[in-house]
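Everything below concerns the one structure shown next.
The values are calculated or read from the model by the stated rules, or taken from the named source; none is laboratory data. Since the model is a prediction, treat every value here as computed from it, not as a measurement. Cβ sites come from the backbone with ideal geometry, for glycine too, and all protein chains shown count toward neighbours. The accessibility values were calculated without ligands, DNA or RNA, using every heavy atom of the protein model including side chains. Shrake-Rupley method; radii C 1.70, N 1.55, O 1.52, S 1.80 Å.
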Amino acid sequence: MKLICSKTNLLYGVNIVIKAVPSKTTMPILECILIDASKGHVKLIANDTELGIETVIDGTIEEPGIIALNAKIFSEIVRKLPDNDISIISDENLKTTITCEKSKFNIVGKLGDDFAYLPEIEKNEPISITQFTLKEIIRQTIFSIADNDTNKLMTGELFEIQENRLKVVSLDGHRISIRNIELKNNYNNKKVIVPGKTLQDISKILSGSADEYVHIFITENHILFEFENTTVLSRLLDGEYFRIDQMLSSAYETKIKINKRELLGSIDRATLLVKEDDKKPIVMDVQDDYMELKISSYVGSMNEDIEIEKEGKNMIIGFNPKFFIDALRVIDEEEIMLYMVNPKAPCFIKDENESYIYLILPVNFNAADI
């Protein structure tokens, strides 16, 4: 194999596919990026058997061929080479020479025949949304997934399609994030759980363009994302997702309209007095036309008043400040609505159309926190 690529194009492709290279594996071939220049274009592929990514980059193929190179070594070489054309030549003994200007590296590759290509799946009924929309959906929900495998389903997000509606749900046992999107077309109903890691990786690859589309294909075991010259294929998580409908009551005793930026700023300032492992709550004391926020720790205490418009009862309720901050940071509206029932029931942050819903469970607090 012999090919020539610009450093810009090669590094761009490597940075995309390397997200599917496992950090730990007992199979050395999975630690590789496959360079497939056998079919008239330069394709880079990585696959850890749960997540596979392939992308096509511009390059000149002088001799077709296939070679698998250790991803960590190859990516570091490409990253540190001069900004010029890079030549990659491999021989029948798998010796691979990477040359750029006066720099030359010789490394040993692996047979491409041993590499696990992405499996072929049926591409029926593509669901099309803009890159911007998908990137926003992920940004506005991914923070609510669980970061451990205690419950595997909590490490993924529910993608539920009903006719022309897409609902995306994430939860970690303390909060729920929901985004509802209207699609341009009607589709058959589907409900799958997509691994959070897959969505995080896709979000990093997407350009976020409002003019470029992502085409999503869903099968029984896989979900496939196609956009530009890149394909991302992921296994789905097995199991029945949590029934959250009974938690999404529209009843409330207190409704608050508040400036999002002021609330976020106040809670953010309050966390200056709390270490990460210190589970001190932010206490919200809701009165007629203002809400007092209070926090107290061994470092000190803070209180701050924010003007509000309130319907219903006064209330004192406590929350993990991080959970509120995470939700507020991804909401774009200037004014938001909070719905509360009592100090033991969840608080809802949602808009009138329920295009987004954030449910946050309250925490117990004692008299010293008030």
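Remarks
- Simple label model, 7 Å out from Cα along Cβ direction - Asn364 to Ser38, nm: 6.3 nm
- Point-to-point label distance, Gln246-Met27, nm (Cα→Cβ direction, 7 Å offset): 4.1 nm
- Summed over the residues of the chain and divided among them, the accessible surface reaches 50 Å² per residue at a probe radius of 1.4 Å.
- Working note: Debye formula, equal point scatterers on the alpha-carbon atoms of the range 237-370, no solvent; log10 I(q)/I(0) at q = 0.09, 0.12, 0.14 Å⁻¹ is -0.26, -0.46, -0.62.
- Length gained on full extension, Ile107 to Lys204: 32.0 nm, using 0.36 nm per residue less the C-alpha separation.
- Overall form of the range 195-259: oblate. Here a/c, set by the Cα gyration tensor axes a ≥ b ≥ c, is 1.5 or more, and a/b is not larger than b/c.
- Our Cα-only numbers for the chain put the radius of gyration and Dmax at 25.1, 79 Å.
- The chymotrypsin sites (Phe, Trp or Tyr not before Pro) found in the range 246-298 that occupy coil by DSSP, while having at most 10 further C-beta atoms within 10 Å, are Tyr298.
- For the range 242-370, size of Cβ-based charge dipole, Lys and Arg +1, Asp and Glu -1, in debye: 560 debye
- Full extension of the chain between Glu163 and Thr99 gives 17.8 nm of extra length, using 0.36 nm per residue less the Cα-Cα distance.
- With viscosity 0.890 mPa s and temperature 25 °C, the Kirkwood radius over alpha carbon pairs of the range 44-163 converts through Stokes-Einstein to a diffusion coefficient of 133 µm²/s.
- Computed across the range 127-245, the Kirkwood hydrodynamic radius from all distinct Cα-Cα pairs reaches 14.3 Å.
- For Leu34, net neighbour charge (Lys/Arg +1, Asp/Glu -1) across residues whose Cβ lies under 12 Å away: -3
- Dipole magnitude of the range 196-266, debye to nearest 20 (Cβ charges: Lys/Arg +1, Asp/Glu -1, about Cα centre): 460 debye
- Of the GluC sites (Glu not before Pro) found in the range 75-109, those that fall in a DSSP loop while having at most 10 other beta-carbon atoms within 10 Å are Glu92.
- Net +/- balance of residues flanking Pro321 in space, Cβ distance below 9 Å, scoring K and R +1, D and E -1: +1
- In a reduced charge model with +1 at each Lys and Arg Cβ and -1 at each Asp and Glu Cβ, the chain shows a dipole moment near 780 debye about its Cα centre.
- In the chain, Cα pairs under 8 Å separated by at least six residues give a relative contact order of 13 percent.
- Global form of the range 2-108, assessed from the alpha-carbon gyration tensor, a/c cut-off 1.5: rounded
- Estimated distance in nm for a label pair at His174 and Arg261, the labels positioned 7 Å out from Cα along Cα-to-Cβ: 2.8 nm
- Sum of side-chain charges, Gly109 neighbourhood, beta-carbon under 13 Å (Lys, Arg +1; Asp, Glu -1): -4
- Relative to its Kirkwood radius, the Cα radius of gyration of the range 73-117 gives an Rg/Rh of 1.01.
- Global geometry of the range 83-142, whether rounded, prolate or oblate, following the gyration tensor of its Cα atoms and the 1.5 cut on a/c: oblate
- Cut-off under 5 Å, modelled amide H: who pairs with Gly65 long-range: Ala37, Ser38
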